[in-house]
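Right, one structure below, let's go through it.
The values are calculated or read from the model by the stated rules, or taken from the named source; none is laboratory data. Note that this is a predicted model, so its numbers are computed, not measured. Here the Cβ positions follow ideal geometry from the backbone for every residue, glycine too, while neighbour counts run over all protein chains shown.
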Amino acid sequence: MNSLPELPSLSTTLSDGPAGCESAPEPSEDGPIRQNQPETGPSQPKKRPHVLRRLYDWVLHWADTPYGTPALFVLAFAESSFFPVPPDVLQIALSVAKPKRSFFYAAISGIGSCLGGVFGYIIGFALWAVVGGFLTRYVPGLTPENIDYVGRLYEQNAFWAIVCAGFTPIPYKVFTIAAGIFHEYVSLGVLVIGSLVGRFGRFFLVGACLYFFGPSVKTLIEKYFDWAALALAALAILGFVAIKWLM
């Protein structure tokens, strides 16, 4: 007589689970339970944002720190002589958080920018032979061609050239440094007065928009940043053309 097949033990049956089912995964010491997942190919590396966008985000993060106002002053100062990101970015972020202080932040931007313009004048007047090669190589917009072009504008009417440049998205550092290089056409006093008119006019216009319209301005910039950058570049070109036409 054939013998009956040997039955599995009760402990084996419980450990294996119901027929046709896999045992439940055991928790790992390194973290929560993970289900088995099919293997996939190597993940695609994330595309790094453009350098201008990274600078924009870095500038913007200061709005979430206790040092937002000092950072705004430093940024406005630096942008008038060598830094590529305008202070409007941080001014907008700070004003969105506290709309009632929009004009205060506009004043900080204006003071920092005008003092930075004086520093730019000093660079052009006394330090250009030392640092000129480095700045024209690495600072956007600060090309020998642009400097020569601004010098020709200064021959015609330096004051209005500075006012228009201060109010528009033209890289202001080109005009402050060129003022020092072509100091025979531009005195330091003319640069300061023109900067006060153009830069304060620009920053207080931004402050007024934030005071009355608030967060919607920042939201639009965040959503359409790339288009905004292209629009600023186009406005800068138009600004050069406008200055030439006004002269």
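Within segment 121-138, the set of residues being over 20 Å from Tyr185 (Cβ atoms) and among the aromatic types (Phe, Trp, Tyr) comprises Phe134, Tyr138. How many residues does segment 70-85 contain that are surrounded by fewer than 23 Cβ atoms within 10 Å (Cβ to Cβ) and assigned to a loop (DSSP other than H, G, I, E, B)? So the count comes out to 4. For segment 134-150, the condition of being under 23 Å from Phe103 (Cα atoms), surrounded by 15 or more Cβ atoms within 10 Å (Cβ to Cβ) and either at pLDDT 75 or above or among the basic types (Lys, Arg) (or both) holds for none of the residues.
Does Arg53 satisfy the condition of being modelled with pLDDT under 80 and assigned to a helix (DSSP H, G or I)? Yes, satisfied.
Cβ separations smaller than 9 Å between residues 6+ apart or across chains give no pair from segment 47-69 residues that are on the phi > 0 side of the Ramachandran plot to residues that are aliphatic (A, V, I, L, M) and at pLDDT below 80. Residues in segment 143-152 include none that are among the polar types (S, T, N, Q) and over 26 Å from the mean Cα position of the chain (by Cα). From the list Phe83, Phe125, Phe104, the lone residue that is out of contact with any Ser or Thr (no Cβ under 8 Å at 6 or more places or on another chain) and at pLDDT below 95 is Phe83. Applying a threshold of 7 Å to beta carbon distances and a minimum spacing of six or more residues, or different chains, the list of pairs starting in segment 93-104 at a residue that is closer than 15 Å to Val59 by Cβ and ending at one that is outside any helix (DSSP H, G or I) and not charged (D, E, K, R) reads Val96/Gly214.
Scanning for something part of a helix (DSSP H, G or I), modelled with pLDDT of 95 or more and of a type in the set (A, V, I, L, M, F, W, C), does segment 89-100 turn up at least one residue? No, every residue in segment 89-100 fails to be part of a helix (DSSP H, G or I), modelled with pLDDT of 95 or more and of a type in the set (A, V, I, L, M, F, W, C). Checking Gly189, Gly201, Gly151 one by one, the residue that is assigned to a helix (DSSP H, G or I), over 27 Å from Ala107 (Cα atoms) and not hydrophobic (A, V, I, L, M, F, W, C) is Gly151 and no other. On inspection, Arg101 does not qualify as within 19 Å of the chain's Cα centre (by Cα), of a type in the set (Lys, Arg) and within 27 Å of Tyr211 (Cα to Cα). Give the residues of segment 154-173 that are within 14 Å of Tyr121 (Cβ to Cβ) and either assigned to a loop (DSSP other than H, G, I, E, B) or of a type in the set (Ser, Thr, Tyr) (or both), sorted by residue number. Of everything in segment 154-173, those that are within 14 Å of Tyr121 (Cβ to Cβ) and either assigned to a loop (DSSP other than H, G, I, E, B) or of a type in the set (Ser, Thr, Tyr) (or both) turn out to be Tyr154, Tyr172.
When the residues of segment 84-128 are filtered to those that are among the aliphatic types (A, V, I, L, M) and touching a Lys or Arg at 6+ places or on another chain (Cβ under 6 Å), the one that is farthest from Phe204 (Cα to Cα) is Val96. Taken as a whole, the structure places Pro66 among residues that are modelled with pLDDT of 85 or more, over 16 Å from the mean Cα position of the chain (by Cα) and loosely packed, with under 13 Cβ neighbours inside 10 Å.
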